[in-house]
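For reference, the structure discussed in these notes is given below.
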Amino acid sequence: MSDAPTSWVLHVDLDEFIAAVEVLRRPELRGRPVIVGGRGDPAERAVVATASYEAREFGAASGMPLRIAARRVPDAVILPVDAPAYTEASEYVMQALRGLSREGERGIVEVLGWDEAFLGVQTKDPEALARHVQAVILSATALHSSVGIGDTKVRAKIATGFGKPGGIFRLTRDNWIEVMGERPTVALWGVGSKISRRLAGLGIETVSQLAAADRDVLVAEFGPRMGRWYAELGRGHSSAIVDDTPWIPRGHSRETTYQSNLTTPAEVEAAVRELAGQVFEDTVAEGRPVFRVTLKVRYAPFFTQTKARKLPAPTRERAEVVAAAIALSDRLDPGREIRLLGVRAEMVMPEEGDPAERTPIRGRL
């Protein structure tokens with residue numbers, strides 16, 4: 001048996017990250033149920049960004065309306081979202097990961113979000129390295145973390161869930177079916193409730209059944225790209241390459257939940273105009289032209305739709321982006337009250353080359 005180091009993927013996930021940052025800022029909240037969401041007022045329309053483990057025991061969960069979470073956890077401390085504070089804390093964590101060194105072992109860090117990252121490493125003892133990672137993060141930031149170890153990104157990501165909170169779990173080809181086989185397909189990273197229901201319609205309810213499914217059946221249901229992806233997912237197959245290339249957003253979005261429903265076309269147009277202007281400013285900072293605009297609407301009480309429009313040509317003109325969003329709002333149902341609006345602007349990606357060589361770009365910065 002070789003003593004040479006083996007390549008591994010570690011998925012590092014900060015435990016109850018947003019709530020943990022708030023507790024660090026307010027030590028008197030340690031051990032108490034903490035809920036973070038909106039402006040911290042459950043009387044307003046907002047959703048839970050995160051809940052501490054103490055609050056989760058009473059049923060509070062991310063994405064839940066804040067007022068419902070407040071009813072489930074009447075003793076909770078409810079705090080407003082403070083994105084700059086979470087960004088700052090996240091940067092400290094990622095810096096600690098990038099500077100990680102243990103007996104010459106140094107990993108490649110691929111940031112996934114505020115509270116998680118992949119770490120590509122070569123080591124003889126991934127569990128020991130994972131414990132070292134946890135210790136480094138705790139020493140640098142006082143934040144606790146869980147680490148999933150895998151031979152692919154998918155397996156490492158899923159493994160983390162078995163280690164939470166504060167633990168370590170290894171999931172590889174050798175124990176994939178043993179650990180995951182009888183679990184429902186919704187337990188897989190990338191399979192939500194809608195896809196799970198579609199798979200169930202094909203008689204596929206467990207991970208083992210998905211692993212054994214006829215690829216042609218999946219392709220017929222989901223198309224050639226996603227059908228093949230779900231077939232691989234059932235086996236835990238995915239890339240094992242950790243890429244530290246900085247993430248480049250495809251687009252920017254702004255959305256607002258209104259405390260009073262919008263009821264007139266004039267109110268809707270004014271709201272869309274404001275959101276589209278904000279989104280345009282976000283794209284200006286990127287320095288890339290916009291080629292598609294999407295409008296998201298949530299009618300009262302809670303029905304959501306999206307409508308999109310591809311622009312005739314990529315543009316850097318504010319007026320054209322705003323006009324496209326307003327044109328989409330003209331297609332909304334005028335007889336329904338609106339509780340949420342969102343505008344998204346998608347930009348030409350850098351790897352697509354200079355779009356001016358392919359199609360004219362109107363306007364300039």
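On the given criteria, is SER238 among the small types (Gly, Ala, Ser), crowded, with 16+ Cβ neighbours inside 10 Å and assigned to a loop (DSSP other than H, G, I, E, B)?
On the way: among the small types (Gly, Ala, Ser): yes; crowded, with 16+ Cβ neighbours inside 10 Å: yes; assigned to a loop (DSSP other than H, G, I, E, B): yes.
Yes; evaluated as a whole, the condition is true for this residue.
Tell me, which strands (runs of 3 or more DSSP E) lie completely within segment 249-339 with 3 or more residues that are without any contact (Cβ under 8 Å) to a residue 60 or more places away in the chain?
290-299, 303-315
Being more than 11 Å from LEU233 (Cα to Cα), under 24 Å from the mean Cα position of the chain (by Cα) and aliphatic (A, V, I, L, M), is that true of even one residue in segment 200-207?
no
Any residue at all in segment 192-208 that is surrounded by fewer than 16 Cβ atoms within 10 Å (Cβ to Cβ) and hydroxyl-bearing (Ser, Thr, Tyr)?
yes
Exactly one condition in (1) surrounded by 19 or more Cβ atoms within 10 Å (Cβ to Cβ); (2) over 21 Å from GLU44 (Cα atoms); (3) modelled with pLDDT of 95 or more is not met by LEU275; state its number.
If we test LEU275 against (1) surrounded by 19 or more Cβ atoms within 10 Å (Cβ to Cβ); (2) over 21 Å from GLU44 (Cα atoms); (3) modelled with pLDDT of 95 or more, just (2) comes out false.
Restricted to segment 137-178, and to residues that are in a helix (DSSP H, G or I) and surrounded by fewer than 19 Cβ atoms within 10 Å (Cβ to Cβ), which residue is farthest from the chain's Cα centre (by Cα)?
At the first step, the residues of segment 137-178 found to be in a helix (DSSP H, G or I) are 137-141, 153-163, 176-178.
Checking the rest, the ones that are also surrounded by fewer than 19 Cβ atoms within 10 Å (Cβ to Cβ) come to 138-140, 161-162, 177-178.
Working: LEU138: 23, SER139: 26, ALA140: 25, GLY161: 15, PHE162: 19, ILE177: 26, GLU178: 28 Å.
Here the answer is GLU178.
When you look at GLU182, is it in a helix (DSSP H, G or I) and either of a type in the set (Asp, Glu) or in contact with a helix residue (DSSP H, G or I) (Cβ under 6 Å, 6 or more places away or on another chain) (or both), yes or no?
no
So which residues in segment 120-174 are farther than 16 Å from GLY107 by Cβ and among the hydrophobic types (A, V, I, L, M, F, W, C), if there are any at all?
LEU138, ALA142, LEU143, VAL154, ILE158, ALA159, PHE162, PHE169, LEU171
Looking at VAL36, VAL48, VAL23, which is the one that is surrounded by 15 or more Cβ atoms within 10 Å (Cβ to Cβ), in contact with a strand residue (DSSP E or B) (Cβ under 8 Å, 6 or more places away or on another chain) and either assigned to a helix (DSSP H, G or I) or among the polar types (S, T, N, Q) (or both)?
On the way: VAL36 fails: either assigned to a helix (DSSP H, G or I) or among the polar types (S, T, N, Q) (or both); VAL48 fails: either assigned to a helix (DSSP H, G or I) or among the polar types (S, T, N, Q) (or both).
Matching residue, one of VAL36, VAL48, VAL23: VAL23.
The values are calculated or read from the model by the stated rules, or taken from the named source; none is laboratory data. Please read these numbers as outputs of a predicted model, since none were measured by experiment. Neighbour counts run over all protein chains shown; Cβ positions are idealised from the backbone, glycine included.
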